[in-house]
Amino acid sequence: MFHGSGLFAVLLMVLEWTRPGLSSPLRPICDLRVLDHFIKEAWDAEAAMRACKDACSIATNFTVPLTRVDFDVWEAMNIEEKAQEVQSGLHVLNEAIGSLQASNQSYVLQSHVDASISNIASIRQVLRSVSIPEYVPPASGGEDEETQKVSSISELFQVHSNFLRGKVRHLLASAPVCKQGVS
């Protein structure tokens, strides 16, 4: 059940940009309701994978980002460090979910995989529009300490949902351009 979520985000941006009297096109992207749409779709995919069981199983481990947020550490990080952690996590999620595209799975799984890949691209666009630096791979090719392994598709989509609700939401809420004009 593919949703036009990327289209949804772009439509919101265009509608807000064309509204008279706005000095900046960035304001609608700061609206966390756009992210909430992606979070809901990730949660729907997670719920579908829990219900799917055998038809959506695959015998492999997935590398995923850690979703836990230590708020004391998070608040002490600068925006570039937060951005690198979130962009790196989105990259890892994209790789893990993308690995399912060639696995010849059920229609239900394939539709959620396609929607999730599209949503991650849209989320990257939202972050880029609020001046969050893009993902830069580390110089060392080693294993990232900010990752973990999961062994099921439902766990993969659970991590996806939790990552969006946690680190991505906190990064977008703390983006400097989103705080402008807030007193």
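For the reader, a short list of remarks on this structure follows.
- Residues Trp74, Trp43, sorted by accessible area with the largest first, give Trp43, Trp74 [1.4 Å probe; ligands and nucleic acids excluded].
- Straight-line cross-link reach from Lys179 at under 12 Å between alpha-carbon atoms covers these aspartates and glutamates, not counting any fewer than eight positions away in the same chain: Asp31.
- Given R0 = 22 Å, the distance between the Cβ atoms of Ile58 and Glu81 translates into a calculated FRET efficiency of 0.05.
- Stretched out straight at 0.36 nm per residue, the stretch from Gln110 to Arg50 would grow longer than its current Cα-Cα span by 20.1 nm.
- Probe 1.4 Å, all protein chains present, accessible-area order of Thr67, Thr60, largest first: Thr60, Thr67
- Long-range amide H partners of Gln148 with built H, under 5 Å: Val64, Leu66
- Per-peptide packing, taken as the mean over residues of other Cβ atoms within 10 Å, places 118-130, 85-97 in the sequence 85-97, 118-130 from highest down.
- As a length-normalised measure over Cα pairs under 8 Å and 6 or more apart, the relative contact order of the stretch 28-174 settles at 50 percent.
- The alpha-carbon of Lys40 sits under 24 angstrom from the alpha-carbons of these lysines, leaving out residues fewer than 8 places away in its chain: Lys53, Lys82, Lys149, Lys167.
- FRET efficiency, 1/(1 + (r/R0)^6) with R0 22 Å, evaluated for Ala102 and Arg33 via beta carbons: 0.05
The values are calculated or read from the model by the stated rules, or taken from the named source; none is laboratory data. All figures in this text were calculated on a predicted structure; none of them were measured in a lab. Methodologically, a virtual Cβ is constructed for each residue, glycine included, from the backbone with ideal geometry; neighbour enumeration extends over all protein chains shown. The accessibility values were calculated without ligands, DNA or RNA, using every heavy atom of the protein model including side chains. Shrake-Rupley method; radii C 1.70, N 1.55, O 1.52, S 1.80 Å.
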